[in-house]
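The values are calculated or read from the model by the stated rules, or taken from the named source; none is laboratory data. Here the structure is a predicted model, which is why all the values come from computation and not from measurement. Every residue, glycine as well, gets a Cβ built from its backbone with ideal geometry; the counts of neighbours run over all protein chains shown. Please note that ligands, DNA and RNA were not included when accessible areas were found on the heavy atoms of the full protein model with its side chains. Shrake-Rupley method; radii C 1.70, N 1.55, O 1.52, S 1.80 Å.
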Amino acid sequence: MTAHKNIDKICIAVMLAALVITVLFINGKKLGIESVVDMDSETYMGNEYITANDLNGSWDTEDASVITLNGDMAKLSGNGAYVNGSDIVISNGGKYVITGNLNNGRLIVDAYASSKVWIMLDNVTLYNEEDACIRVEEADKVFITLKEGSTNALSGGEAYSEKAIEDGAEAVIFSRDDLTINGSGSLTVKADYKHGIKANDDLAITGAVVDITSKQDAIHVNEDIALVNADLTISAGDDAVTTEGTIHVDNSDILINECYEGLEAENINVYSGNIEIYSTDDGFNAAGGSTSGFGMQGGIPGGMQGEMPEGQDGMPAEAPDGQSGMPPEMPDGQSGMAPEIPDGQSDNMGGRQETEKESGDVIPYIKIYDGNIRIINSTARDADGLDSNGDVYIYGGNIFISLTGDGSNNAIDYGSESGGVCVIEGGTVIACGSSNMAEGFDAASTQASLLYNISEGVDAGSVISVKTEDGKTIMNAEIPNGFTCAVLSCPEMKVGNRYNIVLGDKSDSITLEEISSSLGDAQSSGFGGPVSFRGMHSENGMSGNGMSGNSMSGNSIRRKRDNAMLSDNVAMGQKGPGGFNHGGGSTAEDSRIGEGSQTSEELQEVSKGLLLTEYDSETLLELALSVVAIAAGIALVSVYRRR
């Protein structure tokens, strides 16, 4: 009877409590409220492509199950895994440490769709003749961690079984779900059948040293790829890194000794790091996510169908002996840090974000914020250095491209015919190729640039040098391949200033009259960008006398890297082709992991909790339904009371 008399008060109290809880959820961040989350939850590090778990390559192994491999046998200690013939099957989420070698078997992850699985490789050698060495059949996400100081090797046979091919497991590492490779050890992958690593969902490689040799693609992914603090060396018969999603490169060293195309994706973001590519087709290719445009299946370079041109076998060429061809050092006062994005420009750090035109059409892009990029192609006749079916944005970094001067080899090619733009806001660019379809930066740029065409061409091994009127050298580099067009830009180039330019044995004195200027004696037939003989005043015309007294040695870029996450840089000194030192990330003071990146100490704090305000539309809907349910309950009680 007492409860019946106080039913109005009880209903009001319940309603007020529901409203208070709702307000706390909506205003949790302002009130400083945090909730403890499960250790398996994923905390994104200020962006949508990397998480704290992705970066954690030194997780606690105290409670992990241990799997010891010994030739054709395996010993298990702990729960969550079992042996099935020559296969080791992980059937539950959790942590596993694996050591030893397996002669002809597989490590299979077949857990629950909600399971997160951590696998630490501690000096592991796996080989499988006709299937993937590591197969992820089902899990929410799998983390393959390379133990500090460990050396691990995975390899496969030359012909896979019909079952493996039917399953799509055409790689040494195959995953149907999200996959992360991290840690501070090393991993060698040798794929004699097809791909090195294949993932149907997202792939992240963080902190690890990975060397891939593959018959076809080295890394083949359906969704997004994040390469953060990674050290990759690749030799691929087809594409080096390819996906239908977005590629994010941050503070990573990538050496691609041979490939058809280097980085191929819908969108490409380079935040920092060092990338060196020797390709037979495009260095970067933002193809817009069309499956028909990816890989060698598209036919000859340039996406045309049919046989390869005469003299082209589709195989990568070796790097030129003794040629450095490196970008020049940053001018005085330039730190190499990625500049702030100009007002009105979106940095699009998150995954699968794209440029959208006024018409509403979404087109692909290449965006370079910082880093050292070197692209060399000595054999193709219809290839590009940076190739985007949409936009190209350069905000900083050092970009060096050398393609041959014959055919239709564009150093920079973008979708000008479909409304794309090519904009430079900072950084240093030396991009050489053919004048046949040459495109340069457009008038939307804020940093001055020059497109220079030379009909008779410049010989391989020649030097490009640009000096100010008072004799200060602002650009200087040796070019490995002969060329008929050069696209040049650096922060010290200003509209209205006069410069002395040397291209091999030719020299000229010029004045930049527009933000995007062109000069030369060969007419470009490109779809867009600057047109030759526009925006430039030549004092003397091109001569063959050259300029004396100039230092013309190419500048090598020393790469520095630290296996520890976002810590101090340590030189490792592994040399790649052309004197390019490998083993390091960006030399910038703070390595970025997208907007709002944190240090390794901060990562630990972030992973402990999640602000209640980090809700999505589904959470809000659940809250709203809860309030409605409570209100309905109170209404029913009121009706019951009246009766």
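Some values worked out for this structure:
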item	result
Residue count, the stretch 85-113 (criterion: modelled with pLDDT of 95 or more, surrounded by 21 or more Cβ atoms within 10 Å (Cβ to Cβ) and assigned to a loop (DSSP other than H, G, I, E, B))	1
Residue list for the stretch 155-174, restricted to those being more than 27 Å from ASP224 (Cβ to Cβ) and surrounded by fewer than 15 Cβ atoms within 10 Å (Cβ to Cβ)	GLU158, ALA159, SER161, GLU162, LYS163
Qualifying residue in the stretch 212-221 (condition: closer than 26 Å to GLU148 by Cα, among the polar types (S, T, N, Q) and in contact with a strand residue (DSSP E or B) (Cβ under 9 Å, 6 or more places away or on another chain))	yes
Set ASP224, ASP177, ASP201: member being open to solvent by 10 Å² or more (accessible area, probe 1.4 Å), more than 19 Å from VAL249 (Cα to Cα) and acidic (Asp, Glu)	ASP177
Residues within the stretch 448-472 that are closer than 25 Å to GLY396 by Cα and surrounded by fewer than 17 Cβ atoms within 10 Å (Cβ to Cβ), tallied	4
Members of the stretch 256-292 that are open to solvent by 10 Å² or more (accessible area, probe 1.4 Å) and aliphatic (A, V, I, L, M)	ALA287
Residues being among the hydroxyl-bearing types (Ser, Thr, Tyr) and buried (at least 18 other Cβ atoms within 10 Å of the Cβ) - total across the stretch 128-154	2
Odd one out for ILE401, checked against (1) touching a Phe, Trp or Tyr at 6+ places or on another chain (Cβ under 9 Å); (2) within 21 Å of GLY262 (Cβ to Cβ)	(1)
Residues (open to solvent by 40 Å² or more (accessible area, probe 1.4 Å) and in contact with a strand residue (DSSP E or B) (Cβ under 8 Å, 6 or more places away or on another chain)) located in the stretch 114-127	ASN123, THR125, TYR127
Whichever residue in the stretch 43-68 is part of a loop (DSSP other than H, G, I, E, B) and open to solvent by 50 Å² or more (accessible area, probe 1.4 Å) and, among such residues, is modelled with the lowest pLDDT	GLU48
Complete set of residues in the stretch 124-163 that are farther than 23 Å from ASN92 by Cα and among the aromatic types (Phe, Trp, Tyr)	TYR127, TYR160
Checking GLU425 against (1) at pLDDT 90 or above; (2) within 22 Å of TYR278 (Cα to Cα), the condition it does not meet	(2)
From MET475, MET437, residue being under 22 Å from ASP384 (Cβ atoms) and modelled with pLDDT under 95	MET437
